[in-house]
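Student: This is the structure, below, for whatever I ask next.
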Amino acid sequence: MIRDEIWKVYKANQDLKSKNALIEKYAYMIKIVASRMYNFYGGNVEFDDLVGYGALGLIDAIEKFDIKREVKFETYAQLRIRGAIIDNLRKNDWVPRTLRKKAKLIQNTINELENQTGSIVSNQDISKKIDISVDEVEKIINEIHLFNITSLDETIYKTGKEPLDMSESPENKIEEKEFLNKLTHSIEKLSKKEKKVITLYYYEELNYKEIGNILNLSESRISQIHSKAIKDLKNKLI
């Protein structure tokens, strides 16, 4: 239970002064969450936009937080901030159409070449097939992860019961537990290589090139494995 007097005053009176004081107190969390997400989404979104979306999440968290719960506000707020950023990115369709088109071209080319040769496709193979430079191929492959991250984030955010929901109803607790179990089982059902890529990418925060060096595979192959893993997870969670 939170014993902070500012919280007590705000929850008792809902006054603007106390609310603003709480926003100022926890504003630092917005930049922490936004910075983490910018590392993934960066290049196609503005950091200030992420901060703005995150601010909406913080305000929502302050309004809905129950100070009687034995839950740290910081933990709850981070979930709300992240959720607000994901939600607004989705609403604003932030991924450029040109990037979507290029990403689709690369993925289709990888599938076509692998079906023809039955072997791992290199970036040089892709470059030759669609007549663009190897540097451009590598750039697009590195950007493809944006679709994968957005896809996974949105699926979890829309499908799962939000952790630490302020409602203590048995139904919410059961739904949350069932979703987390479903997510865990879905990841376990991925192939060994897919699980490895997911682990290295999301937990170790390595890029495709670094993962490729570890697994002795091309960046294009890592991209394909990543995309397939995300697609499988989405199908299992929806």
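Student: So, of the residues in region 33-48 that are assigned to a helix (DSSP H, G or I) and in contact (Cβ under 8 Å) with a residue 24 or more places away in the chain, which turns out to be nearest to LYS11 (Cα to Cα)?
Tutor: The residue in question is VAL33.
Student: Any residue at all in region 215-226 that is over 14 Å from SER122 (Cβ atoms), open to solvent by less than 30 Å² (accessible area, probe 1.4 Å) and out of contact with any Asp or Glu (no Cβ under 9 Å at 6 or more places or on another chain)?
Tutor: Within region 215-226, not a single residue is over 14 Å from SER122 (Cβ atoms), open to solvent by less than 30 Å² (accessible area, probe 1.4 Å) and out of contact with any Asp or Glu (no Cβ under 9 Å at 6 or more places or on another chain).
Student: Counting only residues that are open to solvent by less than 90 Å² (accessible area, probe 1.4 Å) and charged (D, E, K, R), which one in region 56-73 is nearest to LYS17 (Cα to Cα)?
Tutor: GLU63
Student: Is at least one residue of region 74-82 on the phi < 0 side of the Ramachandran plot and surrounded by fewer than 17 Cβ atoms within 10 Å (Cβ to Cβ)?
Tutor: The answer is yes; a qualifying residue exists.
Student: Is it the case that some residue within region 140-155 is at pLDDT below 75 and open to solvent by 70 Å² or more (accessible area, probe 1.4 Å)?
Tutor: no
Student: Now for a different question. Under 7 Å between Cβ atoms, at least 6 apart or on separate chains: pull out the pairs that start in region 190-210 with a residue that is buried (at least 16 other Cβ atoms within 10 Å of the Cβ) and end on any residue that is basic (Lys, Arg).
Tutor: GLU194/LYS228
Student: Mind telling me which of the residues LYS173, LYS195, LYS129, LYS161 ends up being modelled with pLDDT of 60 or more and more than 26 Å from THR98 (Cα to Cα)?
Tutor: Answer to the selection: LYS195.
Student: Return the residues of region 101-140 that are of a type in the set (D, E, K, R) and under 19 Å from TYR208 (Cα atoms); say none if nothing qualifies.
Tutor: If the condition is that a residue be of a type in the set (D, E, K, R) and under 19 Å from TYR208 (Cα atoms), then LYS102, LYS104, GLU114, ASP125, ASP135, GLU136, GLU138, LYS139 are the ones that fit.
Student: Specify the residue that is farthest from the chain's Cα centre (by Cα); the eligible residues are those in region 13-32 that are of a type outside the set (Asp, Glu) and not in a helix (DSSP H, G or I).
Tutor: Ranking the candidates gives GLN14 first.
Student: Still on this model: Going residue by residue through region 94-113, is there one that turns out to be part of a helix (DSSP H, G or I), among the β-branched types (Val, Ile, Thr), open to solvent by 10 Å² or more (accessible area, probe 1.4 Å) and modelled with pLDDT of 80 or more?
Tutor: Checked region 94-113: no residue is part of a helix (DSSP H, G or I), among the β-branched types (Val, Ile, Thr), open to solvent by 10 Å² or more (accessible area, probe 1.4 Å) and modelled with pLDDT of 80 or more.
The values are calculated or read from the model by the stated rules, or taken from the named source; none is laboratory data. A quick note: this is a predicted structure, and the numbers were derived from the prediction, not measured. Cβ sites come from the backbone with ideal geometry, for glycine too, and all protein chains shown count toward neighbours. Just the protein is used for accessible areas: all its heavy atoms, side chains included, with ligands, DNA and RNA removed. Shrake-Rupley method; radii C 1.70, N 1.55, O 1.52, S 1.80 Å.
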